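The values are calculated or read from the model by the stated rules, or taken from the named source; none is laboratory data. This is a predicted model, so every value here is computed, not measured. Virtual Cβ from ideal backbone geometry, glycine too; neighbours counted across all protein chains shown.
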Amino acid sequence: MTTKPAAAAARATVYGYPRQGQHRELKKAIEGYWKGRVTADALRATTAELRRTHWLRLAEAGIHEVPTGDFSLYDHVLDTTVMVGAIPERHRDAVAAGPLDGLFAMARGTQDVAPLEMTKWFDTNYHYLVPELGPDTVFTADSGKQVGELAEALSLGLTARPVLVGPVTYLLLAKPAPGVAADFDPLTLLDRLLPVYAEVLADLRAAGATWVQLDEPALVQDRTPAELNAAARAYRDLGGLADRPKLLVASYFDRLGEALPVLAKAPVEGLALDFTGSAAANLDGLAAVGGLPGKRLVAGVVDGRNIWVNDLTKSLTTLGTLLGLADRVDVSASCSLLHVPLDATAERDIDPQILRWLAFARQKTAEIVTLAKGLAHGTSAITAELAANRADLASRAESPLTRDPAVRARTGAVSAADARRSQPYAERAVAQHAHLGLPLLPTTTIGSFPQTTELRTARADLRASRIDTAGYEERVKAEIQEVIAFQEKTGLDVLVHGEPERNDMVQYFAEQLTGYLATQHGWVQSYGTRYVRPPILAGDISRPTPMTVRWTTYAQSLTHRPVKGMLTGPVTMLAWSFVRDDQPLGETARQVALALRDEVDDLEAAGTSVIQVDEPALRETLPLRRADHPEYLAWATEAFRLSTGGVRPDTQIHTHMCYAEFGDIVRAIDDLDADVISLEAARSHMQVARELAAHGYPREAGPGVYDIHSPRVPSAEEAAELLRTGLKAIPAERLWVNPDCGLKTRGWPETRASLENLVAAARTVRSELPAS
Ligand code: GLN
Ligand code: ZN
């Protein structure tokens, strides 16, 4: 393919860059500051140096316009809250006393005040701090951070574009402040917020900004006509300002859909659109609105959420099509590079033949620059890059890692019957009750017990070869003995081994499955200073040997009560990893499901009668657009059933999910065909039990009666009261008694006391049941 040179030279840009630094300098500096080991000045110096390094690195790589203001000490939505002066009442004193400590007080809380709530940023694994707004909220502009960072970049002689969370998205991400009516709609504050944005824009223009980017990812979700109207009004008003920079309204994570005509008509100078994955529908959307005449289009053609090398030829084709649809086409990633690790070349343990398939932020930057060059000067200007790219892609496509014939044959042969238990739930329940002989209101836990410092130290010692595997396993066994002994003594009915051998519920399995890759430095921000290293689903997945059977059977050998086998489900394995982009997600899920099915079957063969397959990510992985839900739920539920469908009717399958708001997926949860589900419910006083009942959910359920998110010990009476409430919705024959979630983040003292109370509550409420 030969692309003709574009009229105006295409430029390369990104919307944001990983914040932490090559050696995680940011995390160290911030945590050092919290501990009093790093001064505020030293922290400021570290952050300024990180920004400088990243901008210069971008510019040297050939990025024409660097982003500013995307950097954050904690979270960019929190920074926006500061920028618009929406500081919650309870944090005002702290902010007035010192903006830095005030910021951290909002993010983390203090002894006396609660932090802002944290939740997922769209369907990523990044968490933002939820703005709290109400009818009395007064906005005031504070452009200090934005102006300061712009000035830093400009002083380096760079072309810079400040990036702000847009006003519509900011309001759509907010929630009613404590004490404000739950039905308060933050969007009603738009008219009050816009003048503040106008002021910030004027300040940025005065500070030298030619362009400013306003991020509106909330517009890629299904939006009501009123919300779309608000977006139209916002950009009509901001566009109409006399004293302002040029405006680039950015969308990402999916297609704009019905918001595209709204933004295309708005009096702004540019739009940034995602063209990866399901957002590729933006191409048709653009054609349907007649393109963006007179506007700048920034085309996100490099996937900003995944770590695979781009197909440059394919991206050039997309860019070539776009050339006819806008005045000027620039090249970018689909979203901020915040969601990928920094630099693949830092990975020393990955085979170079595989490493060439991977592109982290630094490599993506190079791809964007190459594409802009190809778009501006024709493919002949990037011949060498295209050839190298083709070779990289071919090496991946032909690798035995990505094509294991045995795995392919197995997934290809999967039948509908494989994903079905041999008997319907009602019949299985009878068999299970006979087999397990549990009392009414059986008690259990979600899996993990406190991860003690000794355990973490033992794992670190093993990694550093200070102890050998045998020494480590002795520690794990000792822990299992303690956990089993405690549960027996306390009188729990279905025991767990406590998961002491697991560092993380996904990584533990990823390390044992063929086809998964681990990184050494692939850190991605989860929230604040917490970074995770998602494993990479790189090839066809298989399970060479049992992963958990040893520990579960060891635990079972110590007790006559049933010990639950404990696995992470296929959907969660995908959700918390980097997934393949060379086959449908459903296919990857099916491979993982079959590997887990082997484990489930082996657990059963080893004498395990109760097996729990956790799916805490089932709901958060829901696509942003409702139209995409059915397809997702179809493969997700099939994968779960495939992993659990091979067991005998009298083997009881449990699942666990960590959330209570599940109304929109209750049918899918039923479709998992699990026998028992445990869910979070303690804080909402069993709301979830009522919802299950309202939906006619026919299976056994354990709405949590112990909130494990706080060290508080629930009294036996309190837990009993929750159980009585639960019984109003779910009959005693189907109600389980358990905490909200795993106990790994808790300490032993409160865990002991809480579980003793939980068992006491179950006994009390059992004794109140009418004798049958
Ligand atoms: N079994 C896991 C645990 O108890 C479940 C954790 C989760 O759902 N996030 O830790
Ligand atoms: Zn949970």
Residue count, region 368-385, condition in contact with a Ser or Thr (Cβ under 8 Å, 6 or more places away or on another chain) and part of a helix (DSSP H, G or I), comes to 8
So which pairs qualify, if the first residue must be in region 557-581 and more than 20 Å from LEU633 (Cα to Cα) and in contact (Cβ under 8 Å) with a residue 40 or more places away in the chain, the second must be aromatic (Phe, Trp, Tyr) and not in a loop (DSSP other than H, G, I, E, B), the Cβ gap must be under 7 Å, and the two must be at least 6 apart or on different chains? none
Residue list for region 604-633, filter: within 16 Å of ligand 1 (Cβ to nearest atom), out of contact with any Pro (no Cβ under 8 Å at 6 or more places or on another chain) and among the aliphatic types (A, V, I, L, M): ILE611, VAL613, ALA617, LEU618
Any idea which of LEU735, LEU642, LEU672 is away from ligand 2 (no atom under 15 Å from the Cβ) and in contact with a Phe, Trp or Tyr (Cβ under 6 Å, 6 or more places away or on another chain)? LEU672
Can you give me the number of residues within region 634-663 that are surrounded by fewer than 20 Cβ atoms within 10 Å (Cβ to Cβ) and within 15 Å of ligand 1 (Cβ to nearest atom)? 2
Which of the following residues is surrounded by 16 or more Cβ atoms within 10 Å (Cβ to Cβ) and either in contact with a strand residue (DSSP E or B) (Cβ under 6 Å, 6 or more places away or on another chain) or closer than 30 Å to TYR472 by Cα (or both): LEU401, LEU375, LEU386, LEU438? LEU401
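Residues checked against (1) of a type in the set (A, V, I, L, M); (2) outside any helix (DSSP H, G or I):
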position	(1), (2)
GLY16	no, yes
GLN20	no, yes
GLU31	no, no
TRP55	no, no
VAL66	yes, yes
ASP70	no, yes
ILE87	yes, yes
ASP93	no, no
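Do the conditions hold for ILE446, that is, is it out of contact with any Lys or Arg (no Cβ under 9 Å at 6 or more places or on another chain) and within 16 Å of ligand 2 (Cβ to nearest atom)?
Working: out of contact with any Lys or Arg (no Cβ under 9 Å at 6 or more places or on another chain): yes; within 16 Å of ligand 2 (Cβ to nearest atom): yes.
Answer is yes for this residue.
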Of the residues that make up region 587-596, is at least one buried (at least 17 other Cβ atoms within 10 Å of the Cβ), polar (S, T, N, Q) and within 18 Å of ARG410 (Cα to Cα)? yes
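Each row is one residue, and each column tells you yes or no for (1) under 26 Å from ARG533 (Cα atoms); (2) buried (at least 20 other Cβ atoms within 10 Å of the Cβ); (3) free of Cβ contacts under 8 Å to residues at least 24 places away in the same chain; (4) touching a Cys at 6+ places or on another chain (Cβ under 8 Å).
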{"residue": "LEU256", "(1), (2), (3), (4)": "no, yes, no, no"}
{"residue": "THR276", "(1), (2), (3), (4)": "yes, yes, no, no"}
{"residue": "GLY285", "(1), (2), (3), (4)": "no, no, no, no"}
{"residue": "VAL289", "(1), (2), (3), (4)": "no, no, no, no"}
Criterion first (at pLDDT 95 or above, in a helix (DSSP H, G or I) and not basic (Lys, Arg)) does VAL407 satisfy it? yes
Assess whether ILE669 counts as being within 15 Å of ligand 1 (Cβ to nearest atom) and either farther than 30 Å from ALA753 by Cα or not in a helix (DSSP H, G or I) (or both). yes
From the list TYR197, TYR170, pick out the single residue that is within 32 Å of the chain's Cα centre (by Cα), in a helix (DSSP H, G or I), farther than 22 Å from GLU152 by Cα and among the hydroxyl-bearing types (Ser, Thr, Tyr). TYR170
Yes/no for GLU488 being within 15 Å of ligand 1 (Cβ to nearest atom), over 17 Å from the mean Cα position of the chain (by Cα) and either at pLDDT 95 or above or of a type in the set (Asp, Glu) (or both): no
Region 727-747 residues that are closer than 13 Å to ALA681 by Cβ, paired with ones that are away from ligand 2 (no atom under 13 Å from the Cβ) and among the acidic types (Asp, Glu) (beta carbon under 7 Å, 6 or more apart): TRP736/GLU700
Output the residues belonging to region 210-249 that are among the small types (Gly, Ala, Ser) and within 33 Å of the chain's Cα centre (by Cα). ALA218, ALA226, ALA230, ALA231, ALA232, ALA234
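Taking the residues in region 491-538 that are among the aromatic types (Phe, Trp, Tyr) and away from ligand 1 (no atom under 16 Å from the Cβ) as candidates, determine which candidate is nearest to TRP308 (Cα to Cα).
TYR516
Please state which one of LEU723, LEU755, LEU692, LEU743 is buried (at least 23 other Cβ atoms within 10 Å of the Cβ), at pLDDT below 95 and either among the hydrophobic types (A, V, I, L, M, F, W, C) or under 26 Å from the mean Cα position of the chain (by Cα) (or both).
Working: LEU723 fails: at pLDDT below 95; LEU755 fails: at pLDDT below 95; LEU743 fails: at pLDDT below 95.
Being buried (at least 23 other Cβ atoms within 10 Å of the Cβ), at pLDDT below 95 and either among the hydrophobic types (A, V, I, L, M, F, W, C) or under 26 Å from the mean Cα position of the chain (by Cα) (or both) holds for just one of LEU723, LEU755, LEU692, LEU743, which is LEU692.
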Of everything in region 524-558 that's of a type in the set (Phe, Trp, Tyr) and buried (at least 19 other Cβ atoms within 10 Å of the Cβ), which residue is modelled with the lowest pLDDT? TYR527
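Mind listing whichever residues of region 453-480 are surrounded by 15 or more Cβ atoms within 10 Å (Cβ to Cβ), within 30 Å of ALA682 (Cα to Cα) and out of contact with any strand residue (DSSP E or B) (no Cβ under 7 Å at 6 or more places or on another chain)?
Across region 453-480, the qualifying residue is only LEU455.
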If you take the residues in region 700-717 that are modelled with pLDDT of 95 or more and charged (D, E, K, R), which one is nearest to THR764 (Cα to Cα)? GLU717
Looking at this structure, is ALA218 touching a helix residue (DSSP H, G or I) at 6+ places or on another chain (Cβ under 6 Å) and not in a loop (DSSP other than H, G, I, E, B)? yes
Based on what the data block shows, is TYR33 under 26 Å from LEU201 (Cα atoms), out of contact with any Cys (no Cβ under 6 Å at 6 or more places or on another chain) and aromatic (Phe, Trp, Tyr)? no
Given the conditions (1) in contact with an Asp or Glu (Cβ under 9 Å, 6 or more places away or on another chain); (2) within 30 Å of ARG396 (Cα to Cα), every one holds for PHE275 apart from (1)
